[in-house]
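The values are calculated or read from the model by the stated rules, or taken from the named source; none is laboratory data. Keep in mind that this is a model prediction, so the values were computed, not measured. Because the Cβ atoms are built from the backbone with ideal geometry, glycine has one as well, and the counts that use them run over all protein chains shown. We work out accessible area using only protein heavy atoms, side chains counted, and drop any ligands, DNA or RNA first. Shrake-Rupley method; radii C 1.70, N 1.55, O 1.52, S 1.80 Å.
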Amino acid sequence: MLQYAQKRVNGIQDLERKLNEFGYRVGVRVLELLTWREKVAKRETKVLGILYFIHSTVWKALFGKQADSLEKSTENEDEYMISDNEPILTRYISVPKELSQLNCNAFVAGIVEAVLDGCQFPARVTAHSVPIDGFPQRTTILIKLDKDVLEREELLK
């Protein structure tokens, strides 16, 4: 899939955008599958509830484990972060030196964006490499929610 996308783009940003689009297509199907499997009749209406669903249920279905952390940004009210210290997706992908800035977890960001959109929580989701000691592949999925979502959250309080 990475080779397919790489042949059809003109730069790292385009490649990440293409991976994000591929992930979005997968995310729509993952949400449908998980809502059918979970058989929970209740639709999530709170931001923290849907983020916890992604952090635990979606991550476990995709990668066999929960994400390592779910955090709220201290600078911006509309930003949340899901971190994975050892992302399985990048474990078996070798990136050439000329593409060293590429983050293949843009695919995962697309999945998360599709799940949020499908649950009526529109957001812009991006993946960022944030290496720390002991975890050189650590990736943070940054979720920037639309202002409509925050307004709806305020009304529900």
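Descriptive notes on the structure:
- Residue-wise HN-Hα coupling along segment 25-36, computed from phi with Karplus coefficients 6.51, -1.76, 1.60 (Hz; x: Gly, Pro): 4, 5, x, 4, 6, 4, 4, 4, 5, 5, 5, 6
- Across segment 98-115, rounded Karplus estimates of 3J(HN,Hα) from the backbone phi angles (6.51 cos²θ - 1.76 cosθ + 1.60, θ = phi - 60°) give 5, 10, 4, 7, 5, 10, 5, 6, 4, 4, 5, 4, x, 4, 4, 4, 5, 5 Hz, Gly and Pro being marked x.
- Charge tally around Asp148: other residues with Cβ under 12 Å, Lys/Arg +1 each, Asp/Glu -1 each, net -3.
- Residue among Tyr24, Tyr52, Tyr92 with the largest mean-square fluctuation in a Gaussian network model of the chain, springs linking Cα atoms under 10 Å: Tyr92
- Integer Hz, Karplus 6.51/-1.76/1.60 couplings in order for segment 16-23, x for Gly and Pro: 5, 4, 5, 4, 4, 5, 4, x
- Of all lysines in the structure, the ones whose alpha carbon falls short of 22 Å from that of Lys147, not counting any fewer than 8 places away in one chain, are Lys46, Lys72, Lys157.
- Mean shadow area of the chain over all directions, Cα convex hull, nm²: 10.1
- Area accessible to solvent at Trp59, 1.4 Å probe radius, in Å²: 10
- The chain: most fluctuating residue of Lys65, Lys39, Lys147 per GNM, C-alpha cutoff 10 Å: Lys39
- Taking every protein chain into account, the 1.4 Å probe leaves Leu150 with about 50 Å² of accessible area, to the nearest ten.
- Normalising the average separation of contacting C-alpha pairs (under 8 angstrom, six or more residues apart) by the number of residues puts the relative contact order of segment 1-156 at 27 percent.
- Model label zone, Asn85; criterion: amide N under 13 Å from point 7 Å along Cα-to-beta-carbon; scope segment 96-135: 132-135
- Label sites at Val95 and Arg29, each approximated as a point 7 angstrom past Cα along Cα to Cβ, lie 2.5 nm apart.
- A simple count of charges around Gly49, restricted to other residues whose Cβ falls under 12 Å of its Cβ and scoring Lys, Arg +1 and Asp, Glu -1, yields +1.
- Eligible aspartates and glutamates near Lys65 by straight Cα distance, threshold 16 Å, same-chain separation 8 or greater: Asp84, Glu86
- Rounded to the nearest 20, the size of the Cβ-charge dipole of segment 1-59 about its Cα centre is 160 debye, with Lys and Arg at +1 and Asp and Glu at -1.
- Rounded to the nearest 20, the Cβ-based charge dipole of the chain about its Cα centre (Lys and Arg +1, Asp and Glu -1) stands at 660 debye.
- The modelled label-to-label distance for the pair Lys42/Asn10, using points 7 Å beyond Cα in the direction of Cβ, is 5.1 nm.
- Within the assembled protein chains, the solvent-accessible surface assigned to Leu31 is about 20 Å², based on a 1.4 Å probe.
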